[in-house]
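Bear in mind that the values in this text are calculations on the coordinates, not laboratory data. Small disclaimer: the values here were computed from a predicted structure and weren't measured. In this analysis, Cβ positions are derived from the backbone assuming ideal geometry, glycine residues included, and neighbour counts consider all displayed protein chains.
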Amino acid sequence: MAWQEMFRERPQRAERGNVRYLVLDALRDTPRHGYEIMSVIADRTGGAYKPSPGVVYPTLQMLEELGHVKVAEVEGKKVYAITPAGTADLAEHREDVASFYEQSESDDVWADYRGEIHAVMQRVRGLARGFRRAARRGRLTPDAMGKIRAILDEAAVKLEAIVGADDER
């Protein structure tokens, strides 16, 4: 289970404008067609970011118009290759590409602990469901809310103490 799935977060996305550099980077070593570019980016992120055709193909069109890629038809498919102008643009933004992929790698740091993280997140979700259920049934009086806040504040202090102790190791 991916980190984002455990927290029900949206999958990683590239910053607006950075997709073009990820596409150029995917073309750096060899010409590719659109779906190969998508696959290279998805593979490099360990599946954390999977650009859609609706993102990649307009980006390729823009890069072609800028003269950063050239297109050739090979076996009925458009194949894109980076141009010297594209290589220069990629070189200027190499740090953006590296930073994006480093972020993907840091998301996988938890791979060895997925089971434990999943178990904790199940408990957190259970608490949230119980809270929502109590709210829907009108059981959250001002007195109950005060007690719940006190419990959550205490839990937050204890969790921070554990995380802080772990950071010092």
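For the reader, a short list of remarks on this structure follows.
- Neighbour cut-off at most 13 other Cβ (10 Å), DSSP loop, trypsin sites (Lys or Arg not before Pro), the stretch 32-71: none
- Both radii come from the Cα set of the stretch 112-167: Rg as radius of gyration, Rh as Kirkwood radius; their ratio Rg/Rh reads 1.08.
- Theoretical FRET efficiency, 1/(1+(r/R0)^6), r = Cβ-Cβ of ILE117 and ASP153, R0 25 Å, to 0.05: 0.60
- Packing around the peptides 20-26, 48-54, taken as the average count of other Cβ atoms within 10 Å per residue, puts them in this order, highest first: 20-26, 48-54.
- The loop-placed GluC sites (Glu not before Pro) in the stretch 27-87, going by DSSP, that have at most 11 neighbouring Cβ atoms within 10 Å of their Cβ come out as GLU75.
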